[in-house]
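To start, the structure itself, in structure tokens.
What follows is calculated from the coordinates using simple rules that are stated; it is not laboratory data. All values reported here derive from a predicted model rather than from experimental measurement. Neighbour counts are summed over all protein chains in view; Cβ atoms, including those assigned to glycine, are modelled from backbone coordinates with ideal geometry.
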Amino acid sequence: LIGKELRISKILSGEDGRAVVVAADHGFMLGPIPGAAELESTLKKVIEGRPDAVLLSVGQAANMHRFFLGRDKPALLIRVDWASGFRDRTYPLPARSMTFRIAATPRTALKLGAHGVVAYLFVGYGDEEQEAAQYAALARLARECDEYGLPLIIEPVPFGPRVTKANRAELIVLSVRMAVEIGADLLKIPYTGDPESFKRVIDAAYGVPALILGGYRALTMQDMLEVVYEALEVGARGVVFGRNVIQSPDPAETLRAIRAVVHEGKTPREVVAGRLRGRVKLEVNSEKCTGCRLCEYVCAFTHHGVFDRSLSRIRIEGGWPGPFNILACTQCGMCVEACPSGALRLDERLGNVVWDRESCTFCGACAEACPNGLVVVRPDLGFVGICDLCGGAPECERWCAREAIKMVEVGGESRV
Amino acid sequence: LSTGKVIRLSDFIDPGDGRGLILELDYGSMIGFFERKYGLDKVLEKASRFLDGVILNRGLARQLKRFFMGRRAPALLLRADWTNVWRGPEHPLPAVRKRYRDLTSALDAVRYGASGVVTYLIMGQESDEDEAANIEAVARLARECDEYGLPLLVEALPIGERVLRENYLDALGLAMRIAVEAGASCVAIPYPGDLEGLKFLVKSCNVPLMLMELDGKIARWQPSYRVEDIAEEALKAGISGFVVGRGFLERPGFEERLNSLRRMVHSGGGEG
């Protein structure tokens, strides 16, 4: 099936055989939701971010074809089915049951210039007749796709009342295997939530390339990228992200960040830090602090791999029930000035303190000079701990549930 | 054109400048082992970065599929037919009567993941019946391409004893226009011999018109030219690029010449 091979290579198009795909087919199921409402302007921004492929409904594929002209443009994927179940109570006319229909044939998709077609496989919604009908419809679709050498991308989705938190990962494994057995050439899979269970999903896929989907919008870019990074580590071949991209304030920038993880092998922290454009510092609001000390624990764990608060470079003063005082490095530079051996300097780009192990004599002058007593000098462990802003993506900021710690650009402007 | 045709046409004709550069490597079915001097693998290894499309038959498309993987790769164009017109007097088995057959369907091209189908429209055949059969095959293929949103590139060729210097432009115009009317999405023709003639043909062709090199003598009279010598003027006259093949490859330094032709076609656009 040379046609399938060639078309898949236009989707998993990098030398790494991975893909960053944007789903923008929501309007067909949910109406004009943000991002999908003004699809043309959204797609214009999406294309700037150089996705490998874009998923559209049949109607919009015809309307938006100008975005797919030329070999440097993304591959076009077309959704060939429709389902009512996503219209929950937050939407007008909530669905009263799960219904599913095939909306277009592979031949129609071919005529529109598609490189592949996408269809759901729902399991767990309690109507076995519908489930059987859908599986039979997918089998027909798979045969027809074989006929034309058109890749079939199946999106297995555990959905409905029989899906629980306890069985969700198992149902993803089940549905993935059902999709593979029926003839999926690529999979668009929900992330199970942890690498161990997702590894079982990848095993169940039996070599069929799996792309993870984004689902609802992640709270922060780093959260989103962490999921991508984890999934890639255990064998996912990329992502199919919808709302995380099309509802982002800057879809092109979001895509560039995702591409950096998927295609350039960067860690989420490197990507987030790489987006900073100038000097930054931590800004704290002690009134919001609840004294949970998660920042201290996560700082110690990030730098030393242990939950030992004495190794933390951020400190919380005060006892229950408060008030609490957050002490964080202000990059005042007094430690740098005090260092007699030149082992400390301020990073030119971010402004954080950089420690040089080779020059350090562990004299402790830095610790004495720090007005907040935040420098940890441990010659026994061979390190001097001074806040390094985690390279531009501070973990204390990320984990503080009260948003009492924020990284800001020097000058008081908000984070880039 | 349907959406699919527009998208796939843009695989081998750059939508930015409306031009493309195509290499024809499909002669094996018509003249045999033609590439003994250079090897097709080696040619594509060196050339594919300069190309927008490559014409192949089904068999070699399978063997050479790795050159078409990924979005930056040239588009695969599948030859749908066969003719013996290229088997001239120098061939070990010269054609006694000119023959033509359609061999591959648009559906086959779809199955192969091709971005387009290529066929000949040969005008000047000895028998009017043969001519009609050829036109019928092209028209049928065009209808089938419509079904799948697949572009059809027709190579319109005047052949035979009736084609003379005096009627060459008219014969070419006739073949080209029949191709367009039958449903070609793009037409390739030999150089008519002069720029004025070419300008006339560009004007009367309302789909992209490309120039091809003639790799053999197929008409009583036909112009003798090398694509690189006429490229600049031809592009100014409005053509949409070139289809080069065996003759181009067999001249020394084809890689450099191909690169330079690409730069001309895409106005300094470098590698693809």
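Return the calculated 222 nm mean residue ellipticity for chain B, to the nearest 500 deg cm²/dmol, obtained by summing -39500 (n - 2.57) across DSSP H runs with n ≥ 4 and dividing by the residue count. Could the numbers behind the result be given before it?
On the way: 11 runs with 106 residues, N = 272.
Dividing the helical sum by the residues of chain B leaves -11500 deg cm²/dmol.
Any idea how far apart residue A:304 and residue B:17 come out in nm if each label point goes 7 Å out from Cα toward Cβ?
Inter-label distance under the simple model: 6.2 nm.
Rounded if a/c is under 1.5, else prolate if a/b is larger than b/c, else oblate: which is the range A:127-173, with a ≥ b ≥ c the root eigenvalues of its Cα gyration tensor?
Because a/c hits 1.5 or more and a/b fails to exceed b/c, the range A:127-173 counts as oblate.
Test of understanding: in a Gaussian network model of chain A with alpha carbons linked when under 10 Å, which of A:151, A:161, A:51 would top the mean-square fluctuation ranking?
A:161
In the range B:215-247, which residues have a backbone nitrogen under 18 Å from the label point lying 7 Å from residue B:164's Cα in the Cα-to-Cβ direction?
Only B:218-223 pass the distance filter.
Using Cα springs under 10 Å in a Gaussian network model of chain B, which residue among B:255, B:213, B:129 shows the largest mean-square fluctuation?
For chain B, modelled as a Gaussian network with Cα springs under 10 Å, the answer is B:129.
Taking chain A as the reference, fit the longest principal axis to its C-alpha atoms, fit the long axis of helix A:294-304 to the helix C-alpha atoms, and give the angle between the two in degrees, 0 to 90, nearest 10.
90 degrees
Using a cut-off of 29 Å between alpha-carbon atoms, which lysines can reach residue A:281, once sequence neighbours fewer than 8 places away in the same chain are excluded?
Within the straight-line cut-off, residue A:281 pairs with A:266, A:406.
Could you tell me how many degrees, from 0 to 90 and to the nearest 10, lie between the Cα long axis of helix A:251-262 and the main elongation axis, the longest principal axis, of the Cα atoms of chain A?
Roughly 80 degrees, rounded to the nearest 10.
Can you list the residues of the range A:160-198 with backbone N under 15 Å from a point 7 Å past the Cα of residue A:233, pointing along Cα to Cβ?
Output list for this probe position: A:192-198.
Gap in Å between the Cα centre of the range A:40-72 and the Cα centre of the range A:81-143?
22 Å
Could you work out the relative contact order of the range A:307-416? I mean the mean sequence separation of Cα pairs under 8 Å and 6+ apart, divided by the number of residues, in percent.
Over the range A:307-416, the number comes to 20 percent.
Could I have the simple spin-label model distance between residue A:359 and residue A:128, label points 7 Å from Cα toward Cβ, reported in nm to one decimal?
Result for the modelled spin labels: 7.4 nm.
Kindly express, to the nearest 10 degrees and within the range 0 to 90, the angle between helix A:168-182's C-alpha long axis and the longest C-alpha principal axis of chain A.
Helix A:168-182 sits roughly 40 degrees off the main axis of chain A.
Peptide B:8-21: average number of partner chain Cβ atoms within 10 Å per residue?
Per residue, the average neighbour count from other chains is 3.
Could you derive backbone 3J(HN,Hα) for the range B:210-224 from the dihedral phi with the Karplus parameters 6.51, -1.76 and 1.60 (θ = phi - 60°), listing whole Hz in sequence and x where the residue is Gly or Pro?
Each residue of the range B:210-224 in turn: 10, 9, 10, 7, 9, 9, x, 8, 10, 10, 4, 10, 8, x, 10 Hz.
At 25 °C and 0.890 mPa s, what whole-number value in µm²/s does Stokes-Einstein give for the translational diffusion of the range B:172-272, with Rh from the Kirkwood sum over Cα pairs? Display every interim value, and only then the final one.
Values: Rh = 14.2 Å.
For the chosen part, D equals 173 µm²/s.
Which lysines have a Cα lying under 17 Å from the Cα of residue B:98, excluding residues fewer than 8 positions away in the same chain?
Cross-link targets: B:217.
Among A:381, A:211, A:344, which one shows the biggest mean-square fluctuation in a GNM of chain A, springs joining Cα atoms closer than 10 Å?
The residue with the greatest mean-square fluctuation here is A:381.
Taking a 26 Å limit on the Cα-Cα distance, which of the listed pairs A:111/A:199; A:73/B:46; A:188/B:42; A:4/A:73 fall beyond it?
From the list (A:111/A:199; A:73/B:46; A:188/B:42; A:4/A:73), the Cα-Cα distance tops 26 Å for A:111/A:199; A:188/B:42.
For Cα pairs less than 8 Å apart in space and 6+ apart in sequence, what is the mean separation divided by the residue count of the range A:279-348, i.e. the relative contact order in percent?
Across the range A:279-348, relative contact order equals 30 percent.
With each run of n ≥ 4 DSSP H residues scored as -39500 (n - 2.57), what mean residue ellipticity at 222 nm is computed for chain A after dividing by its residue count and rounding to the nearest 500 deg cm²/dmol?
Per the formula, -10000 deg cm²/dmol.
Going by the alpha-carbon gyration tensor, a ≥ b ≥ c the square roots of its eigenvalues, is chain B rounded (a/c under 1.5) or, if a/c is not under 1.5, prolate (a/b greater than b/c) versus oblate?
Rounded is the answer for chain B, as its axis ratio a/c remains below 1.5.
Estimate the FRET efficiency between residue A:87 and residue A:287 by the formula 1/(1 + (r/R0)^6), using the beta-carbon distance for r and 35 Å for R0, to the nearest 0.05. Don't skip to the answer; put the middle values down first.
Numbers: r = 42 Å, r/R0 = 1.19.
Once rounded, the FRET efficiency stands at 0.25.
Using label points projected 7 Å from each Cα along Cα→Cβ, tell me how many nm separate residue A:38 and residue B:181, to one decimal.
4.9 nm
Going by a ≥ b ≥ c, the root eigenvalues of the Cα gyration tensor, does the range B:2-110 fall in the rounded group (a/c under 1.5), the prolate group (a/b larger than b/c) or the oblate group?
prolate
Quick check on the protein assembly as shown: what are the equivalent-ellipsoid semi-axes from the Cα gyration tensor, as sqrt(5λ), descending, whole Å?
In descending order, the three semi-axes are 60, 31, 20 Å.
Nearest 5 percent is fine: what portion of the DSSP beta bridges confined to chain B is antiparallel?
Numbers: 4 of 35 bridges.
Just about 10 percent of them are antiparallel.
Is any residue of the range B:150-178 close enough, with backbone N under 19 Å, to a label point placed 7 angstrom from the Cα of residue B:1 along the Cα-Cβ axis, and if so, which?
Taking a point 7 Å out along Cα→Cβ of residue B:1, the residues of the range B:150-178 whose backbone N falls under 19 Å are B:150-156, B:176-178.
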